[in-house]
Amino acid sequence: MKTPSVILKSQFIHKSEKCCHESGTNNEAEEEPPGERSISANLEEEPPGKTATNRYRFFSHITDDLWNDWKWHFRNRITSVEQLAQFIPLSAEEQAQLRLVTMRYPLSITPYYLSLINTYDPNDPIRKQAIPSILEMTMGSMGVEDPLDEKRDSVVPGLVHRYADRVLIVLTDICPMLCRHCTRKREWRNGGWVRSPGEVEAMLSYIRQHRAIRDVIISGGDPLTLSTKRLEDIISRIREIRHVEIIRIGTRFPVVLPQRIDYELCAMLAKYGPIWLNTHFNHAREITPEAAEACDRLLRSGVPVNNQSVLLRGINDSVEAQTELCRRLLKIKVRPYYLFQCDEVQGTEHLRTPVEVGMKIIEGMRGHTSGLAVPTFVIDLPQGGGKVPLQPNYVLAQTKDELVLRNYQGRIFHYRNPLRQVHEESLAEAVSPVGDAAGTIAGSGVKLELEGARNADRVIVRS
Ligand code: SF4
């Protein structure tokens, strides 16, 4: 990874002055934005969260133009303990510990994400995701480097083909922020790479040759670290492959550097749909007006946004934290999709929770808030076993004819189980009051159709 040189506050000023003159982002920002007015109107009515609270404390000298320029944030990431100590109170001992950790697991925080941290709270959920902990080393013997065995399923460099109809393309190992719970922490020491044109062509060639592939997931690192032009080159070539139905992008930019989701990027993505974007909010405090605007720009460009959060000890491991996160996601029209059990990755053990915690969270949400707000809790199995959904058991007993179920309040209900086989005479009899199996309900205009022999036990009602 290209590590920016040490930045002192004075250097921020220097860089900001320089970049202000050379940046072309003003013009880009003036391009016709998709739905800008509505975004502003929505946010004025009901801001979904506090904005970057420390912006003016730490970066008051940075102009709005620079603050809204993702490349400025990227260039000015905090990547050393010395830089970090300028913003976060750290004792000499803490600094020594962090230096030790960062020798193995580097540090990278965008100014935007840093500005969300409550610097006075050592247990701040934003801080814990971004700032290293000595526990990454002291508990570092637990877990494995590559728990999902992604290397084994790599069919060509950078392309993982585990499920028949979908592939994962890893375009780079560079991320704007290095999240302390990252599954691909093993890649951080490799110095930052982006796939070469030859490697990209080899991946595309593999996809062209395998007609069963209908879903291509572009991931990293974070693929949006590539320039929009380079991304377009790759995405447009994937879109040319006729058997590829959907493209998915996995990115944490909307959370850690939402300025990256600019109009140029959205306009490009809009050309190659259907494109779905999966992002990674872990805490309600990450849903700032900036993040909400980024998601809104994507949605208005025809890119649905799903959220995949990771269950993390002391960060979001309670019913309250998850409920608040998911409700706020719905308010910005992002679907809570998965809640992942934290993978057993070396250097993350201190952030992992017992599986029961996730089950209890789902139990505490299901029925108590909108079903749309309840993500699917999953474990990504080791050795490439794939994702397994877990949920509390609501079936207390079952016979051939009946289930005994408990609801979200713990009340017990008996539910008659319909017979598996329904004889055709019975079915005809059942339908006869309103006519033939393919008849019409008298006077209603509603047409009944049998779905066919495969589903002899059900009918479809079409009006
Ligand atoms: S953005 Fe994703 S890939 Fe990058 S460090 Fe964070 S969790 Fe890992």
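Before moving on, here are some points about what is shown:
- Residue in the range 105-119 that is within 14 Å of the ligand (Cβ to nearest atom), surrounded by 18 or more Cβ atoms within 10 Å (Cβ to Cβ), under 21 Å from F340 (Cβ atoms) and more than 19 Å from the chain's Cα centre (by Cα) present: yes
- Residue check: V156 meets all listed conditions (1) open to solvent by 10 Å² or more (accessible area, probe 1.4 Å); (2) touching a strand residue (DSSP E or B) at 6+ places or on another chain (Cβ under 6 Å); (3) over 23 Å from W70 (Cβ atoms) but one, namely (2).
Listed here are the residues, each with its yes/no results for (1) under 17 Å from the mean Cα position of the chain (by Cα); (2) not basic (K, R).
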{"site": "M203", "(1), (2)": "no, yes"}
{"site": "I207", "(1), (2)": "no, yes"}
{"site": "I217", "(1), (2)": "yes, yes"}
{"site": "R252", "(1), (2)": "yes, no"}
{"site": "P274", "(1), (2)": "no, yes"}
{"site": "T279", "(1), (2)": "yes, yes"}
{"site": "T288", "(1), (2)": "yes, yes"}
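- The residue pairs whose first member lies in the range 380-400 and is closer than 28 Å to H414 by Cα and of a type in the set (F, W, Y), whose second member is in a loop (DSSP other than H, G, I, E, B) and open to solvent by less than 60 Å² (accessible area, probe 1.4 Å), and whose beta carbons are closer than 9 Å, counting only pairs six or more residues apart or on different chains, are Y394/N407.
- Pairs with Cβ under 6 Å, 6+ apart, first in the range 224-244 and among the charged types (D, E, K, R), second modelled with pLDDT of 95 or more: E232/M268; R237/L204; R239/Y272
- Within the range 312-329, the only residue that satisfies the criterion of being touching a Leu at 6+ places or on another chain (Cβ under 6 Å) and either open to solvent by less than 50 Å² (accessible area, probe 1.4 Å) or in a helix (DSSP H, G or I) (or both) is L312.
- Odd one out for I412, checked against (1) of a type in the set (A, V, I, L, M); (2) open to solvent by less than 70 Å² (accessible area, probe 1.4 Å); (3) over 16 Å from C342 (Cα atoms): (2)
- The strands (runs of 3 or more DSSP E) located wholly in the range 365-412 that include 1 or more residues which are within 21 Å of the chain's Cα centre (by Cα) occupy 376-381, 386-390.
- Selection within the range 165-175 - open to solvent by 20 Å² or more (accessible area, probe 1.4 Å) and more than 11 Å from the ligand (Cβ to nearest atom): D165, R166, L168
- The residue that is farthest from H283 (Cα to Cα), among those in the range 242-265 that are assigned to a strand (DSSP E or B) and away from the ligand (no atom under 16 Å from the Cβ), is I246.
- Residue count, the range 213-240 (criterion: open to solvent by 10 Å² or more (accessible area, probe 1.4 Å) and within 15 Å of D165 (Cα to Cα)): 2
- Residues of the range 164-175 that turn out to be touching a Phe, Trp or Tyr at 6+ places or on another chain (Cβ under 8 Å) and in a loop (DSSP other than H, G, I, E, B), as a count: 2
- Evaluation of A291 against (1) more than 16 Å from the ligand (Cβ to nearest atom); (2) crowded, with 20+ Cβ neighbours inside 10 Å; (3) part of a helix (DSSP H, G or I) (one fails), failing number: (1)
- One residue from P48, P33, P4, P89 being modelled with pLDDT under 95, assigned to a loop (DSSP other than H, G, I, E, B) and surrounded by fewer than 14 Cβ atoms within 10 Å (Cβ to Cβ): P89
- Of all residues in the range 206-218, those being among the basic types (K, R) and within 16 Å of the ligand (Cβ to nearest atom) number 0.
- Number of residues in the range 297-333 that are of a type outside the set (A, V, I, L, M), away from the ligand (no atom under 16 Å from the Cβ) and within 15 Å of the chain's Cα centre (by Cα): the value is 5.
- Residues that are of a type in the set (A, V, I, L, M, F, W, C), at pLDDT 90 or above and within 16 Å of the ligand (Cβ to nearest atom), drawn from the range 142-164: V160
- L178 vs. criteria outside any strand (DSSP E or B), at pLDDT 95 or above, within 16 Å of the ligand (Cβ to nearest atom) and surrounded by 22 or more Cβ atoms within 10 Å (Cβ to Cβ): yes
- Of all residues in the range 181-193, exactly one satisfies the criterion of being more than 10 Å from the ligand (Cβ to nearest atom) and surrounded by 19 or more Cβ atoms within 10 Å (Cβ to Cβ), namely R186.
- Selected residue [away from the ligand (no atom under 16 Å from the Cβ) and either in contact with a strand residue (DSSP E or B) (Cβ under 6 Å, 6 or more places away or on another chain) or within 18 Å of T251 (Cα to Cα) (or both)] from M139, M203: M203
- Residue within the range 132-147 that is closer than 26 Å to I261 by Cβ and open to solvent by 40 Å² or more (accessible area, probe 1.4 Å) present: no
- Within the range 227-234, not a single residue is within 13 Å of the ligand (Cβ to nearest atom) and over 17 Å from the mean Cα position of the chain (by Cα).
The values are calculated or read from the model by the stated rules, or taken from the named source; none is laboratory data. Just so it is clear, the structure is predicted and the values come from calculations on it, not from any experiment. All Cβ positions, glycine included, derive from the backbone under ideal geometry; neighbour counts span all protein chains shown. The accessibility values were calculated without ligands, DNA or RNA, using every heavy atom of the protein model including side chains. Shrake-Rupley method; radii C 1.70, N 1.55, O 1.52, S 1.80 Å.
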